[in-house]
Amino acid sequence: QASGSGKPSKPAFSKKDLQHYEESDFSWSKDVQEKLENIFKISKFRPLQRAAINLSMSGRDLFLVMPTGRGKSLCYQLPAVCSKGFTLVIAPLVSLMEDQLMYLKSVGVSAVTLNASSSKEDSKFVMAGMTDKNSPFKLLYVTPEKIAKSKLLMSKLEKAYNMGLLERIAVDEVHCCSQWGHDFRPDYKLLGILKRQFPKVPLVGLTATATSNILKDCQKILCVPDPVTLTAPFNRPNLYYEVRVKSSEDSNGEIAALIKGRYKDQSGIVYVFSQKDAELVAIDLQQRGILAQPYHANMEPSDKSRVHRHWSTKKIQVVVATVAFGMGIDKADVRFVIHHTISKSIENYYQESGRAGRDDHPADCIVFYGFSDIFRISTMVVMENTGQQKLQNMVAYCQNVDRCRRAMMAVHFDEVWDDEECHQMCDVCRHGNDYVTMDITKHARDVVKLVELASSVDEKMTPLKVCDTWMGKGNAKLRKMIQTTILSRQEVESIIVHLLLNGYFSEDFSFTPYTTYFYLKAGRKAALLKSENHSITMKMKRKVPTPSPGRLSVAVSSVKDSEGSGAKSSAKVKPKEGKRPAENSGKS
Ligand code: ADP
Ligand code: MG
Ligand code: ZN
């Protein structure tokens, strides 16, 4: 049995404890196995499912962190059908609940919902059923809003609790409690009332992404004193991760070529930044002969479900979608997820790209990394407390040229990662050593000085303008005062981003009634550049064509202030060895 003494600092749930719950000699085990096969028609459990179910049946509170599509729902649905009373399920979206209700109906499990669109009769039936000793339904799905707003519901729950009919509480997408998560919902913050009112009812929180910080936050918000946390490894070994620098000319063309070539006849998603982009990119891909349709929050529900249906049944090949295309999408054979624009955080990227390859067959996740997109997103998340930091981590993931992409992600999921485990399933591991370390001190001095000069004459500089001015285009007045550069556009852009990630620049937002502007200003570390001894190095992708001497000098041994490409907390990840897998061009 798990240690149940009420001491303040309990030992963490150990491997041995877990083993205990992986066993099948509990009093309910036979019933569980029988219903698994006969109701859910599933022959065997996936990793952690049995332990989760046993823990929940034992009355423990539980957080279950498992990648999307691995079968979290079973971990509360199966206990629900093996119990006398009913399970209360909180889910964030009505569409999600409806999918589950449809599924449960198809396997003969009685489940009901209460939400804003429930009819009077339905609500009446549900409310009465909650306190019916024969429990006419096993699962009751509600939105968090319902809990927050309906006193009638709370009073019925209380009565059911007192009658011993409220068996379990499941909070799906539990990360929605935390502002640190990738989709915070204010009403989730109020769910602490459940554990406070019904302390004896075991609660299970389920999510696909949550760092330990987020989980701690959720635990506090939900008032769960001492939960067990089970975490399935986040790694998706069958996904190939790749970053491509967006060439300003024709990224749509490059995407279209991929879809018509490498992914011919295969299903995929192209994620874009905005609703307008969804429409435009879809039209563009259509004109290039691809069966693509847009999907975004502002479409009619009937149009959304049509696009979803046509894509599921392969009538169309590609959905060009905003982040609205997400929860509840469970197509297994998605072979590619292409990001036309970077995501606003690594958590979001992991979620979105994770819709590829649910069938465990190889699938690709490619992000097109564009300079100006960074600032579009930056102004979009300007109101979010942690918005800039999260975006910077995503940008660092894209700027990165020397670390396994999986290792970059592992940092965010608090996992220890061994690069070997990637098996060359990311572009960095596959094309190892494809970078050079460069001394960019002089360039940094020039471009920071440029921005300082501009600001001394009261001129605000957007990143784009900094690029142009530095490269000798535009603003004649400034041009006369500064040192222009002969670096390529791409080098200029990536140096500016590197300086931003490392604090030599910082963001300077300006609001008008219509839009938010992103300007660059000298950052907290800019002053260091005044010192002779300060130097900055940066790793850059090796350019294949025409090396032109006299451009960037390659730093050989005098690395004084060696900085990675902005990765903030790399301590937990094993450093890369000098050895690298031989170049292997199998994937192109
Ligand atoms: P999640 O909530 O973790 O994203 P779901 O609970 O929606 O995932 O489950 C995804 C799919 O996996 C469902 O179709 C479910 O029936 C299926 N599934 C769950 N557990 C198993 C299992 N042990 N074996 C086979 N299929 C399973
Ligand atoms: Mg789910
Ligand atoms: Zn790798």
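The values are calculated or read from the model by the stated rules, or taken from the named source; none is laboratory data. Not measured: the values here are computed from a predicted model. Cβ sites come from the backbone with ideal geometry, for glycine too, and all protein chains shown count toward neighbours.
This table checks each residue for (1) farther than 30 Å from Met97 by Cβ; (2) modelled with pLDDT under 95; (3) among the hydroxyl-bearing types (Ser, Thr, Tyr); (4) under 24 Å from the mean Cα position of the chain (by Cα).
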| site | (1), (2), (3), (4) |
| --- | --- |
| Ala256 | yes, no, no, no |
| Gly261 | yes, no, no, no |
| Ile269 | no, no, no, yes |
| Leu285 | yes, no, no, no |
| Pro301 | no, yes, no, no |
| Lys314 | no, no, no, no |
| Ala321 | no, no, no, yes |
| Val334 | no, no, no, yes |
| Val337 | no, no, no, yes |
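Go through the range 155-177 residue by residue and tally those that are among the basic types (Lys, Arg) and in contact (Cβ under 8 Å) with a residue 60 or more places away in the chain.
1
Please work out which residue is nearest to Asp99 (Cα to Cα), limiting yourself to the range 52-71 and to residues that are touching a strand residue (DSSP E or B) at 6+ places or on another chain (Cβ under 6 Å) and more than 9 Å from ligand 1 (Cβ to nearest atom).
My answer is Val65.
Looking only at residues in the range 25-40 that are within 14 Å of ligand 1 (Cβ to nearest atom) and either in contact with a Leu (Cβ under 7 Å, 6 or more places away or on another chain) or of a type outside the set (Val, Ile, Thr) (or both), which one is nearest to Pro79 (Cα to Cα)?
The selected residue is Val32.
Of the conditions (1) part of a loop (DSSP other than H, G, I, E, B); (2) more than 22 Å from the chain's Cα centre (by Cα), Ser305 satisfies every one except a single condition; which number is it?
Only one criterion is unmet by Ser305, namely (1).
Away from ligand 1 (no atom under 16 Å from the Cβ), in a loop (DSSP other than H, G, I, E, B) and either modelled with pLDDT of 95 or more or within 16 Å of Leu114 (Cα to Cα) (or both): does that describe Lys200?
For Lys200, the condition - away from ligand 1 (no atom under 16 Å from the Cβ), in a loop (DSSP other than H, G, I, E, B) and either modelled with pLDDT of 95 or more or within 16 Å of Leu114 (Cα to Cα) (or both) - is met.
For the range 33-46, which positions are in contact (Cβ under 8 Å) with a residue 12 or more places away in the chain, surrounded by fewer than 15 Cβ atoms within 10 Å (Cβ to Cβ) and more than 16 Å from ligand 2 (Cβ to nearest atom)?
Passing the criteria: only Lys41.
Checking the structure you have, find out if any residue of the range 227-247 is surrounded by fewer than 17 Cβ atoms within 10 Å (Cβ to Cβ), in contact with a Ser or Thr (Cβ under 8 Å, 6 or more places away or on another chain), outside any loop (DSSP other than H, G, I, E, B) and not aliphatic (A, V, I, L, M).
No.
Of all residues in the range 203-226, which are within 24 Å of Val411 (Cβ to Cβ) and assigned to a loop (DSSP other than H, G, I, E, B)?
Within the range 203-226, Ala208, Thr209, Ala210, Thr211 qualify.
How many residues does the range 11-33 hold that are outside any loop (DSSP other than H, G, I, E, B) and in contact with a Cys (Cβ under 9 Å, 6 or more places away or on another chain)?
Qualifying residue count, the range 11-33: 2.
Please find, within the range 50-77, the residue that is nearest to ligand 2 (Cβ to nearest atom) out of those that are among the β-branched types (Val, Ile, Thr) and out of contact with any Pro (no Cβ under 8 Å at 6 or more places or on another chain).
Selected residue: Thr68.
What do you reckon, is Thr113 within 16 Å of ligand 2 (Cβ to nearest atom) and farther than 30 Å from Gly357 by Cα?
Yes.
Taking the condition of a type in the set (S, T, N, Q), in contact with a strand residue (DSSP E or B) (Cβ under 9 Å, 6 or more places away or on another chain) and without any contact (Cβ under 8 Å) to a residue 60 or more places away in the chain, does Thr322 pass?
Yes: the conditions hold for Thr322.
Suppose we filter Arg542, Arg489 for residues that are of a type in the set (Lys, Arg), modelled with pLDDT under 95 and in contact with a strand residue (DSSP E or B) (Cβ under 8 Å, 6 or more places away or on another chain); which single one remains?
Arg542
At pLDDT below 95 and over 19 Å from Lys105 (Cα atoms): is that true of Lys133 in this structure?
No, not satisfied.
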